[in-house]
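Asker: Quick one: this structure, given as structure tokens, is what I'll be asking you about.
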Amino acid sequence: MPRYNQQVSLTLQIHRKAGPARRATLTLPHGVVETPVFMPVGTQGTVKAVPQQLLEELDVRILLGNTYHLYLRPGHEAIRRMGGLHRFMSWERPILTDSGGFQVFSLSELRKVSDEGVAFRSHIDGSPHFFSPEHSMDVQIALGSDIAMAFDECTEYPADRTRARKSLEMTLAWAQRSKRHFEAHQHEVPWQLEERSAFSAQRSEDELRERIEGQTPNLFGIVQGGMFADLRRESAERLVEMDFPGYAIGGLSVGEPRELTREMIATTLPLLPEDKPRYVMGVGYPDEIAEYARMGVDMMDCVLPTRAARHGLLFTSEGRLNIKNRQYAEDQGPADPACACLVCRRYSRAYLRHLMAAQEPLAAVLNTVHNLAFYLETMRKVREEVAGSQWPAASS
Ligand SMILES: [Zn+2]
């Protein structure tokens with residue numbers, strides 16, 4: 001059984017480097033994650049259409065929860081009373097929560113942004129709410145995630161320089177406030193407070209307690225700066241001065257051309273500390289996540305594999321495939337001949353197409369399982385490629 005250092009709630013052990021790419025093990029309070037990693041998005045406490053058991057079978061090690069959605073429904077205090085998000089959704093592996101900022105800006109109505117925070121109306125029932133950096137921290141601590149994110153303003157695209165600069169300053173001020181509040185309250189996570197008798201059938205009480213005791217969640221800072229390389233650099237430098245256990249690059253994949261996404265990542269990465277995890281939020285297509293991992297990104301998340309699956313779009317080794325197309329009506333082959341996932345081993349394209357045509361719920365389940373398997377396999381191959389390289393980890 002691995003020994004966990006008390007109070008140290010995140011370690012990144014780099015095993016191998018290949019140029020800027022790294023193959024590492026990230027240890028968090030709820031378990032270990034092999035990086036570079038793709039993190040499926042579990043918006044409402046569920047990766048849409050896929051039960052937790054199947055996520056485990058796919059070897060998903062960490063998933064994302066959305067603070068905005070869980071705050072509105074069922075409510076973070078309700079989740080805290082039920083022992084936190086891990087226990088509520090019966091997922092004992094690591095969870096990362098976003099700050100709620102992105103959804104407040106993209107989903108809610110009648111937003112009013114001030115230095116203090118954001119007043120908005122719920123997209124569900126129109127009720128009024130207010131998110132500040134402090135409140136976002138309280139919600140994420142109540143959810144009990146392994147990694148919480150600083151409350152930021154996701155700069156829209158396009159945004160001119162004046163606007164990007166203003167947004168960047170606000171994000172930095174909010175990062176400082178997020179950190180101060182988080183550090184004062186991080187020990188209040190539900191996994192520190194309650195009895196966990198029903199938490200896990202698979203793991204013994206003692207093992208779990210020993211693993212989690214004394215550990216707290218971790219807070220990552222977020223680099224913004226719009227599409228201006230110098231603003232990105234400034235944002236990264238000032239954020240690194242605040243000393244977070246990990247850093248994210250946010251405000252990408254907001255409609256900008258792909259070349260610009262890549263340029264902003266390339267500009268920012270060298271400024272982030274080598275010994276800490278680097279996370280690019282909200283990207284991308286399979287070839288993009290592989291490319292960014294080779295550039296030195298450790299963590300990525302995106303709704304693309306799950307959302308596309310529900311629309312019948314499958315990612316395969318032969319490219320994208322729209323399973324609804326008539327040409328697959330009697331195709332007995334698997335979705336992807338090179339894929340060994342539980343869907344490709346068992347079901348034909350013809351059957352998957354029929355499920356979509358008949359609007360059967362199983363279509364979403366099977367398509368999503370395959371797409372997630374393909375994304376996870378894409379990252380596994382990059383990890384293998386880096387591990388097999390001739391560059392020892394020490395020679396950076
Ligand atoms: Zn498959």
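Asker: Between Arg310 and Glu274, what is the label-point separation in nm under the 7 Å Cα-to-beta-carbon projection?
Answerer: Result: 4.3 nm between the two label points.
Asker: Using the heavy atoms of the protein chains and a 1.4 angstrom probe, tell me the accessible area per residue for region 254-387 in square angstrom.
Answerer: Roughly 44 Å² per residue, with all protein chains present.
Asker: Sum up the lysine pairs in the chain that clear both bars: alpha-carbon distance under 30 Å and a spacing of 8 or more or different chains.
Answerer: Count of close lysine pairs: 11.
Asker: First check a/c for the chain, with a ≥ b ≥ c the square roots of the eigenvalues of its C-alpha gyration tensor; if it is under 1.5, answer rounded, and if not, answer prolate when a/b is larger than b/c or oblate otherwise.
Answerer: rounded
Asker: I've got another one for you. Tell me, in nm to one decimal, what length is gained between Thr11 and Leu260 on full extension, where the rule is 0.36 nm per residue of separation less the Cα-Cα distance?
Answerer: 86.5 nm
Asker: Sticking with this one: Once neighbouring chains are kept in place and the probe is 1.4 Å, which whole percent of the accessible area of the chain is contributed by carbon and sulfur?
Answerer: 49
Asker: Right, something else. Please quote Rg/Rh for region 261-316 to two decimal places, taking the Kirkwood radius as Rh and restricting both calculations to Cα atoms.
Answerer: 1.05
Asker: If I model a spin label as a point 7 Å beyond the Cα along the Cα-Cβ vector, how far apart are those points for Asp230 and Ala350 in nm?
Answerer: Going by the 7 Å Cα→Cβ label model, 6.3 nm.
Asker: Over region 1-80, average the accessible area per residue using a 1.4 Å probe and give it in Å², no decimals.
Answerer: 39
Asker: Across region 200-358, how large is the tail of the calculated P(r) beyond 24 Å, expressed as a percent of all Cα pairs?
Answerer: 53
Asker: What is the packing order of peptides 106-118, 307-319, taking the mean over residues of other C-beta atoms within 10 Å and listing the highest first?
Answerer: Going by the mean number of other Cβ atoms within 10 Å, highest first, we get 307-319, 106-118.
Asker: Per residue and in Å³, how big is the convex hull formed by the alpha-carbon atoms of region 11-151?
Answerer: About 128 Å³ per residue, rounded to a whole number.
Asker: Once R0 is set to 22 Å, what does the formula 1/(1 + (r/R0)^6) return for the Cβ-Cβ distance between Val113 and Asp160, expressed as a FRET efficiency to the nearest 0.05?
Answerer: After rounding to 0.05, the efficiency reads 0.85.
Asker: While we're looking at this one, here's another question. For Asp243 paired with Arg73, estimate the spin-label separation in nm (one decimal), with each label point 7 Å from Cα along the Cα-to-Cβ line.
Answerer: Here the answer is 4.3 nm between the modelled labels.
Asker: Once you have the Cα-Cα distance between Arg180 and Met82, take 0.36 nm times their residue separation minus that, and quote the gain in nm to one decimal.
Answerer: Fully extending the segment from Arg180 to Met82 adds 32.6 nm.
Asker: Same structure, new question: Wrap a convex hull around the Cα atoms of region 300-372, take a quarter of its surface area, and give that in square nanometres.
Answerer: Over all viewing directions, region 300-372 projects a mean Cα-hull area of 4.5 nm².
The values are calculated or read from the model by the stated rules, or taken from the named source; none is laboratory data. Being a predicted model, the structure only gives us computed values, none of them experimental. No Cβ is skipped: glycine too gets one built from the backbone with ideal geometry, and neighbour counts run over all protein chains shown. Only protein heavy atoms, including side chains, enter the accessible area calculation; ligands, DNA and RNA are left aside. Shrake-Rupley method; radii C 1.70, N 1.55, O 1.52, S 1.80 Å.
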